[in-house]
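Before any comments, here is the structure.
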Amino acid sequence: MSSGFAAVLAGARIMPVLTVPDPATAAPLAEALAAGGARCAEVTLRTPGAEQALRTMAAHGGLIVGAGTVLTGEQVERAVAAGARFVVSPGLDEEVLAACREARVPAVPGIATATELMRALRAGLDTVKLFPAEAIGGPRTLRALAGPFPGARFVPTGGIDASRMDAYLADPAVVGVGGSWMATTAHLERGDYTEIRRLTAEAVARSTP
């Protein structure tokens, strides 16, 4: 089972990772991200209104929206029902993978070790999330993991910001980088969608070959 996530990205190399405290901000957030050139976004299931935010952003039509911080098979089902086109997990969980397979959506499990990467590859996946990327050694760890597994592709997330994205994108094993710096909870609390658009456009421009 190929993750199919590279096809979902469709060449985009930047994925905003979003924690949305208030679902009312989801529509203007989606508009700002799309206006900045983002093609996809991950809505983390970390807040009570996350599913509604996911539903609203998926209905926008300008973004391919997925669910993040997915921990159970039940969450997979609910996220897909809300419009998620892909599922991202902080770790590698067989129940989540099975639910994604059943729902026919790409799964992107988190890995931090060679053992976890081997399990993901054995499950038929070709793309994994390196998490938490900065905390476990950043690009050096990425290169060390990619070396023995030339077919593996990575989406690093966790602690990455505008000053660090280039170091990851320079690695040919990286299909995209996820980060929250483009649309933080502080941006959303202030309603600063102009800044979200600016930061997104800057990241997209820098990530374009």
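The values are calculated or read from the model by the stated rules, or taken from the named source; none is laboratory data. From a predicted model like this one, the values you see are computed outputs, not experimental measurements. Neighbour counts are summed over all protein chains in view; Cβ atoms, including those assigned to glycine, are modelled from backbone coordinates with ideal geometry. All accessible areas refer to the heavy atoms of the entire protein, side chains included, with ligands and DNA or RNA removed. Shrake-Rupley method; radii C 1.70, N 1.55, O 1.52, S 1.80 Å.
Tell me which residues, restricted to the range 18-61, are among the small types (Gly, Ala, Ser) and within 14 Å of the chain's Cα centre (by Cα).
Taking the range 18-61 first, the residues among the small types (Gly, Ala, Ser) are 24, 26-27, 30, 32, 34-38, 41, 49-50, 53, 58-59, 61.
Passing the criteria: 38, 41.
May I ask you to say which residue of 32, 6 is open to solvent by 30 Å² or more (accessible area, probe 1.4 Å) and either over 20 Å from residue 196 (Cα atoms) or part of a helix (DSSP H, G or I) (or both)? Explain how you work it out, then say what you get.
On the way: 32 fails: open to solvent by 30 Å² or more (accessible area, probe 1.4 Å).
One residue alone meets the criteria, 6.
Take the range 37-57 and flag every residue that is over 17 Å from residue 183 (Cα atoms) and in a helix (DSSP H, G or I).
Keep residues of the range 37-57 that are over 17 Å from residue 183 (Cα atoms), which gives 48, 51-52, 55.
Within the range 37-57, 51, 52, 55 qualify.
Output the residue which, of all residues in the range 9-27 that are farther than 25 Å from residue 128 by Cβ and among the hydrophobic types (A, V, I, L, M, F, W, C), is most open to solvent (accessible area, probe 1.4 Å).
24
Any residue in the range 73-90 that's farther than 15 Å from residue 49 by Cα: show its pairings with residues that are assigned to a helix (DSSP H, G or I) and among the acidic types (Asp, Glu) at Cβ separation under 7 Å, as long as the two are six or more apart or on different chains.
Pairs found: 73/95.
For residue 19, indicate whether it is of a type in the set (Ser, Thr, Tyr) and within 20 Å of residue 88 (Cα to Cα). Write out each step before concluding.
Working: of a type in the set (Ser, Thr, Tyr): yes; within 20 Å of residue 88 (Cα to Cα): yes.
Judged against the criteria, residue 19 is a match.
Among the residues of the range 9-29, count how many are in contact (Cβ under 8 Å) with a residue 60 or more places away in the chain, outside any helix (DSSP H, G or I) and under 17 Å from residue 206 (Cα atoms).
5
Can we say residue 190 is more than 23 Å from residue 93 (Cβ to Cβ) and touching a residue at least 12 places away in the same chain (Cβ under 8 Å)?
Details: more than 23 Å from residue 93 (Cβ to Cβ): yes; touching a residue at least 12 places away in the same chain (Cβ under 8 Å): no.
Against the criterion (more than 23 Å from residue 93 (Cβ to Cβ) and touching a residue at least 12 places away in the same chain (Cβ under 8 Å)), residue 190 does not qualify.
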